[in-house]
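Below is one structure, written out as structure tokens, with a few remarks after it.
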Amino acid sequence: MDILKSLGHPEEIINLLRFKMGGCRAVMPKLDYGAMGDGMRTCYRYLNQTSRSFAAVIESLDGDLRHAVCIFYLVLRSLDTVEDDMSIPLEKKVPMLNDFHTYLYQPDWCFTESQEKDRRVLEDFPTISLEFRKLGQQYREVISDICHRMGMGMAEFLEKKVGTMKEWDLYCHYVAGLVGIGLSQLFSASQLADPEVGRDTELANSMGLFLQKTNIIRDYLEDTQQGRAFWPQEAWGQFADRLEDLAKPEKLESALSCLNLLVTDALRHVPDVLTYLVRLRNQSIFNFCAIPQVMALATLSACYNNPKVFGGVVKIRKGQAVTLMMDATSMEAVQTIITQYSQELLQKVSTTDPSRAKTLHILGVIAEKSAPLHPALQSKSVHLSPMYLSAAMLLAAVSWQYLSATVAQAQGTTTGGGDMPGH
């Protein structure tokens, strides 16, 4: 079935076959579970049960960083399971979220009343907390601090909705930006990344925000059906009286305008992603960071101006995901992939979309950042690489369309046309 979906993309079929024949091991080597103790082996089992995609990239990390990130993920998954569980009353949930970091040092603490699908990590939290306490102090301090800050942020947003775009950034910071900051600090603590990677919290935050905003955009229908609202009211309030109204067929045009506005907002983090990735010198860390980011960009491209977001969950093809996983192993490859999806997005921008000028602007910024970062170090031959030509062509196309949109907007303003909705 996966191969059938990729029939129009022969390179995906080849990569699917390579993947099934073990080609993925070049990027994600198989972990030796037999060399672990029972507790750590159990933790990796929980990791695979809660997120197979994250498990694959975590297991490919080098040295003791691998165990630290595995435990970091499970601690935050446990915290997230508490936040997501609608059966826990607020008067009980808020203190749990605020105090969750203290449970890391309580050997017997567990929670057996959860109704969530990942409740096993709470029921067997003593195994996770024990392995946490076995980690080096440099890792424990990071994990405990991020868990504390995230729990407080989650508790803050339990009793209020995401209203403004700034609050959207803040919510995403609490639930994902802090993950990016924590991971970066773990990378530096392992000495597999330079100290500036852990110190530059702004770039690390953007890495998390880009992934989280992509998930929130993609999961519109599932979240609204379950009574959760993560799209900011400042955005959807321009187009509907209620967030769930965007799923109505008669609201399609407004729904797409709102969707495109949010995709455009998410895209503004891509330049920071490129700056972050170029600083990484360890291959396993680069793969760990780059693969989810390019998959998120592919997902955003699939969601942009797509009515299916309001009728289901938009997913990229498995062949597409496998190709990205196997290709995104160098900075040059990542630049090529980002250029490719930026071109794809550019072709989808409607001349009537309210966010058109902003979308074209950020695509132009991305095109500049996607060009080779050190062209002076490349061959001085007249021949230009396909990646450089693609980036140059994209930049030229975006610049032309952006100028056209700006002129059209100015003409509309002088003739009494309506203003474009702002963020």
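The values are calculated or read from the model by the stated rules, or taken from the named source; none is laboratory data. Computed from a prediction, not measured in an experiment: that's the story for all the values here. Cβ: placed from backbone, ideal geometry, glycine included. Neighbour counts: every protein chain shown. The area values use the complete protein model at the heavy-atom level, side chains included, leaving out ligands, DNA and RNA. Shrake-Rupley method; radii C 1.70, N 1.55, O 1.52, S 1.80 Å.
Annotations
- Restricting the range 78-90 to residues that are open to solvent by 30 Å² or more (accessible area, probe 1.4 Å) and not in a loop (DSSP other than H, G, I, E, B) leaves a set whose member that is nearest to Thr224 (Cα to Cα) is Asp84.
- Every residue from the range 50-74 that is surrounded by fewer than 22 Cβ atoms within 10 Å (Cβ to Cβ) and of a type in the set (Gly, Ala, Ser): Ser51, Ser53, Ala55, Ala56, Ser60, Gly63
- Scanning the range 111-138 for residues that are assigned to a helix (DSSP H, G or I) and either without any contact (Cβ under 8 Å) to a residue 24 or more places away in the chain or charged (D, E, K, R) (or both) returns Arg120, Glu123, Pro126, Glu131, Arg133, Lys134, Gln137.
- Residue that is most open to solvent (accessible area, probe 1.4 Å), among those in the range 226-255 that are in contact (Cβ under 8 Å) with a residue 60 or more places away in the chain and in a helix (DSSP H, G or I): Gln233
- Given (1) assigned to a helix (DSSP H, G or I); (2) modelled with pLDDT of 95 or more; (3) out of contact with any Ser or Thr (no Cβ under 8 Å at 6 or more places or on another chain), index of the condition Arg279 fails: (1)
- Counted residues, the range 290-311 - those being in contact with a helix residue (DSSP H, G or I) (Cβ under 7 Å, 6 or more places away or on another chain), open to solvent by 20 Å² or more (accessible area, probe 1.4 Å) and either of a type in the set (A, V, I, L, M) or over 28 Å from Leu246 (Cβ atoms) (or both): 1
- For Gln347: the one exception among (1) within 23 Å of Phe54 (Cα to Cα); (2) without any contact (Cβ under 8 Å) to a residue 40 or more places away in the chain: (1)
Each row is one residue, and each column tells you yes or no for (1) at positive phi; (2) modelled with pLDDT of 95 or more; (3) hydroxyl-bearing (Ser, Thr, Tyr); (4) open to solvent by 60 Å² or more (accessible area, probe 1.4 Å).
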| position | (1), (2), (3), (4) |
| --- | --- |
| Leu76 | no, yes, no, no |
| Lys92 | no, yes, no, yes |
| Glu116 | no, no, no, no |
| Asp145 | no, yes, no, yes |
| Val162 | no, no, no, no |
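- Neighbours by Cβ (under 6 Å, 6+ apart or cross-chain): first from the range 139-160, over 18 Å from Gln185 (Cβ atoms); second surrounded by fewer than 21 Cβ atoms within 10 Å (Cβ to Cβ) and β-branched (Val, Ile, Thr): Ala155/Val94
- For the range 312-335, filtering for residues that are buried (at least 20 other Cβ atoms within 10 Å of the Cβ) and among the polar types (S, T, N, Q) leaves 3.
- Yes/no for Leu262 being touching a Phe, Trp or Tyr at 6+ places or on another chain (Cβ under 8 Å), open to solvent by 30 Å² or more (accessible area, probe 1.4 Å) and part of a helix (DSSP H, G or I): no
- For the range 310-332, taking the residues that are touching a residue at least 40 places away in the same chain (Cβ under 8 Å) and of a type in the set (A, V, I, L, M, F, W, C), the one that is nearest to Thr275 (Cα to Cα) is identified as Met331.
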